[in-house]
Amino acid sequence: MKVRVLGCSGAIAKNCRTTSFLVDDDLLVDAGTGVGDLTLAEMAAIDDVVLTHSHLDHVAALPLMLDAVASRRAKPLRVHALRATIEALRAHVFNNVIWPDFASIPSREAPFVSFHDIVVGEQLSLGSRMKKHVEVLPAVHSVPACGFAIRHTDARASWVFSGDTERNSAFWQRINQIEVAMLVIETAFSNREQALAQRSLHLSPGTLAGELAQMDPASSYPIYITHTKPAETAEIMSQIGQFGADGTRWDIRWLEAATVLEL
Ligand SMILES: [Zn+2]
Ligand SMILES: [Zn+2]
């Protein structure tokens with residue numbers, strides 16, 4: 001399985017795009033501004049989108065992408081998300097004010113997009129060309145949110161994405177029970193902004209260390225840091241670099257846009 005990093009920044013700036021990952025060529029995980037780097041043909045090949053939550057940095061490109069490729073697609077783009085996320089998209093984005101309601105265009109019977117509820121703990125089979133097993137993982141954020149564990153149906157180890165989250169012991173309980181190939185986990189703020197991180201329910205290096213301490217000590221999969229605010233990336237990296245003795249047992253790496261992770 002291939003995971004192409006389209007965006008992994010906590011905000012936009014030159015060369016910084018917000019959260020989005022393309023799994024193989026047919027499944028999109030979040031639809032942040034990184035989607036804008038795909039060609040029309042690449043966007044049109046996506047059949048399923050899974051969303052972690054409704055925040056703009058994770059959904060901004062979804063309405064624009066639909067508009068770009070709808071006429072090239074014979075079937076609706078399937079969007080899978082928590083019910084609260086879908087309700088937010090319907091009420092605040094696809095409301096015929098911010099953007100057309102593509103769930104009823106060109107007709108309700110054959111729309112450009114269809115929305116599908118998921119719940120934490122659910123296991124889905126997605127992907128039209130290469131079947132993928134997707135498990136919905138818990139997240140702790142300021143709006144209903146989730147993460148995902150994704151693998152080819154015939155593979156054992158999963159690519160795991162935390163989504164936007166603060167401290168989340170249920171997440172660790174679950175991923176310690178499955179085989180993890182690699183983990184992508186957010187660290188949005190530096191320790192200097194710890195109060196803001198706590199209020200907005202994001203991690204900072206201090207809370208990240210407490211999270212990683214819950215990782216099964218027998219595991220040694222790589223841990224990729226994502227969602228750093230561009231203005232604080234260097235500071236976050238330096239604080240994680242100072243984890244000391246604990247840090248040396250974790251294989252921590254930096255996620256960069258345009259990287260292709262191979263599982
Ligand atoms: Zn968020
Ligand atoms: Zn975010």
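The values are calculated or read from the model by the stated rules, or taken from the named source; none is laboratory data. All figures in this text were calculated on a predicted structure; none of them were measured in a lab. Here Cβ is always computed from backbone atoms with ideal geometry, including for glycine, and neighbour counts include all displayed protein chains.
Filter segment 222-237 for residues that are modelled with pLDDT of 95 or more and at negative phi and give the result.
Residues satisfying the conditions are P222, I223, Y224, I225, T226, T228, E235, I236.
Identify, please: which residue in segment 176-230 is acidic (D, E) and touching a Lys or Arg at 6+ places or on another chain (Cβ under 9 Å) and is, among those, farthest from ligand 2 (Cβ to nearest atom)? Spell out how you get there, then give the answer.
Restricting attention to segment 176-230, the residues satisfying the condition of being acidic (D, E) are 179, 186, 193, 211, 216.
If we keep only those that are touching a Lys or Arg at 6+ places or on another chain (Cβ under 9 Å) too, we end up with 179, 193, 211.
Details: E179: 27, E193: 15, E211: 17 Å.
If we take residues in segment 176-230 being acidic (D, E) and touching a Lys or Arg at 6+ places or on another chain (Cβ under 9 Å), then E179 is farthest from ligand 2 (Cβ to nearest atom).
If you go through segment 151-167, how many residues are over 15 Å from the mean Cα position of the chain (by Cα), farther than 13 Å from T187 by Cβ and touching a residue at least 24 places away in the same chain (Cβ under 8 Å)? Spell out the reasoning first.
Just the residues of segment 151-167 that are over 15 Å from the mean Cα position of the chain (by Cα), to begin with: 152-157, 167.
Checking which are farther than 13 Å from T187 by Cβ leaves us with 152-157.
Subset that is touching a residue at least 24 places away in the same chain (Cβ under 8 Å): 152-153, 155, 157.
Residues flagged as over 15 Å from the mean Cα position of the chain (by Cα), farther than 13 Å from T187 by Cβ and touching a residue at least 24 places away in the same chain (Cβ under 8 Å) within segment 151-167 amount to 4.
Confirm whether L56 is more than 15 Å from ligand 1 (Cβ to nearest atom), surrounded by fewer than 18 Cβ atoms within 10 Å (Cβ to Cβ) and at negative phi. Please lay out each step first, then the result.
Numbers: more than 15 Å from ligand 1 (Cβ to nearest atom): no; surrounded by fewer than 18 Cβ atoms within 10 Å (Cβ to Cβ): yes; at negative phi: yes.
Against the criterion (more than 15 Å from ligand 1 (Cβ to nearest atom), surrounded by fewer than 18 Cβ atoms within 10 Å (Cβ to Cβ) and at negative phi), L56 does not qualify.
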Count - residues of segment 17-69 that are within 16 Å of ligand 2 (Cβ to nearest atom) and either more than 28 Å from V140 (Cβ to Cβ) or at pLDDT below 95 (or both): 0
field: T233 under 16 Å from the mean Cα position of the chain (by Cα) and closer than 26 Å to R4 by Cα
entry: no
task: Filter segment 19-40 for residues that are in a helix (DSSP H, G or I) and more than 16 Å from ligand 1 (Cβ to nearest atom) and give the result.
output: V35, G36, D37, L40
statement: Checked segment 41-77 for anything within 17 Å of V120 (Cβ to Cβ) and part of a strand (DSSP E or B); matches are V50
task: Please identify the pairs in which a residue from segment 1-14 that is at positive phi and at pLDDT 95 or above has its Cβ atom under 7 Å from the Cβ atom of a residue that is acidic (D, E) and within 14 Å of ligand 1 (Cβ to nearest atom), counting only partners at least 6 apart or on another chain.
output: none
- line: Taking first residues from segment 196-211 that are in contact (Cβ under 8 Å) with a residue 12 or more places away in the chain and second residues anywhere that are more than 13 Å from ligand 2 (Cβ to nearest atom) and among the basic types (K, R), the pairs with Cβ under 8 Å that are 6 or more apart or on different chains are L203/R167; T207/R167; G210/R167; E211/R167
statement: Note: among V50, V35, V69, just one is over 15 Å from L255 (Cβ atoms) and in contact (Cβ under 8 Å) with a residue 40 or more places away in the chain, namely V50
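Please report, ordered by residue number, the strands (runs of 3 or more DSSP E) entirely within segment 78-153 with at least 3 residues that are at pLDDT 95 or above, within 16 Å of ligand 1 (Cβ to nearest atom) and crowded, with 18+ Cβ neighbours inside 10 Å. Full working, then the answer.
On the way: elements: 113-118, 123-126, 132-138, 146-152.
By residue number, 146-152.
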